[in-house]
Structure formats: structure tokens, C-alpha cells
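The values are calculated or read from the model by the stated rules, or taken from the named source; none is laboratory data. The structure displayed is predicted, hence computed values, not measured ones. Glycine gets a Cβ as well: all are built from the backbone with ideal geometry, and neighbour counts include every protein chain shown. Only protein heavy atoms, including side chains, enter the accessible area calculation; ligands, DNA and RNA are left aside. Shrake-Rupley method; radii C 1.70, N 1.55, O 1.52, S 1.80 Å.
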Amino acid sequence: MDCLFCKIAAGEIPSNKVYEDAEILAFHDIAPQAPVHVLVIPKEHIPSVDGVNAENADLVAHIFTKIPKIAASLGLTGGYRVISNCGDDAGQTVKHLHFHILGGKPLSLTMA
Ligand code: 5GP
Ligand code: ZN
């Protein structure tokens, strides 16, 4: 499958990693929209939030148990935003489930 984030998860394309375990990976966004902008992905290919189901819900829950730890490791003591764009109207450009962690300054009510 020709999926950018599957290739990043497999290490075929390099990324600036901030967290990794057997199931998920977090790495800095290549085009940061805030002082801190990290993406958290499952290593398994899930196309978007629309692909979350009973079979992979534990994996998504695992991501959400790690997000606060990743945010803390990034020094986001003032808070942060978690975003997942789902589909074309939301501006999803990479069709592999990912959660943006944005922070490092007071954020406006747009994406960053
Ligand atoms: P989306 O627009 O799908 O919600 O988010 C995709 C994100 O992936 C964008 O913020 C974009 O900057 C980031 N991105 C695209 N290609 C790469 C890449 O090769 N490496 C990294 N680290 N981020 C990427
Ligand atoms: Zn993928």
C-alpha cells in the first residue's frame, strides 16, 4: 500500500520521533502549525476516524492513554489541542489515522 505514514511507521521514511512502542509512533510534523506540533499514529493502517471500530478501539484507546504522557514529555504544561481531520472537508491530506498534538502557545480557535 502506498501510504506515507505506513512508510514512516515502518522506518522506510525517516521521522523525528518523540515516542514509539510496538503499536504507535509519535513524531514531529514536517510543517509545524504551532511551536509544538506532533503527530501520533497507529502503526496499523486505519484510514481515518471513520475506520475506528470495535476491532481496533483498544488501539485507539492506547493512543489516548499515551497522548498526555507525550504532551508532558514535550513540556506542554499550559495545555494543548488534539485534532484529527477526517475526510476531504476537514482537510485530511494523509489517509492514515493520525492525531495532531498542538501547543506551546495560547492557540486560536482555528487549527493552530
Ligand atoms: P492532515 O492534513 O492529514 O490532517 O495532516 C497531515 C500532516 O502530515 C500535515 O500536518 C503535514 O504537515 C504532515 N506531513 C505530511 N508529510 C509529512 C512527512 O513526510 N513527514 C512528517 N513528519 N509530517 C508530514
Ligand atoms: Zn497507512
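A compact table of results
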| quantity | calculated |
| --- | --- |
| Residue match in segment 89-99 (condition: of a type in the set (Lys, Arg), under 27 Å from Met1 (Cβ atoms) and touching a residue at least 60 places away in the same chain (Cβ under 8 Å)) | yes |
| Complete set of residues in segment 56-88 that are more than 13 Å from His100 (Cα to Cα), of a type in the set (Val, Ile, Thr) and either part of a helix (DSSP H, G or I) or within 11 Å of the chain's Cα centre (by Cα) (or both) | Val60, Thr65 |
| Meets criteria (open to solvent by 80 Å² or more (accessible area, probe 1.4 Å), without any contact (Cβ under 8 Å) to a residue 60 or more places away in the chain, more than 22 Å from Leu109 (Cβ to Cβ) and basic (Lys, Arg)) for Lys69 | yes |
| Hits in segment 89-103 (condition: within 16 Å of the chain's Cα centre (by Cα) and either acidic (Asp, Glu) or open to solvent by 20 Å² or more (accessible area, probe 1.4 Å) (or both)) | Ala90, Gly91, Thr93, Val94, Lys95 |
| Qualifying residues in segment 43-55 (those that are more than 14 Å from the chain's Cα centre (by Cα) and assigned to a loop (DSSP other than H, G, I, E, B)) - the one surrounded by the fewest Cβ atoms within 10 Å (Cβ to Cβ) | Ala54 |
| Selected residue (criterion: least open to solvent (accessible area, probe 1.4 Å)) from residues of segment 1-21 that are within 9 Å of ligand 1 (Cβ to nearest atom), closer than 17 Å to His96 by Cα and of a type outside the set (Val, Ile, Thr) | Phe5 |
| Residues of segment 85-101 that turn out to be within 16 Å of Val18 (Cα to Cα) and near ligand 1 (Cβ under 10 Å from one of its atoms), as a count | 3 |
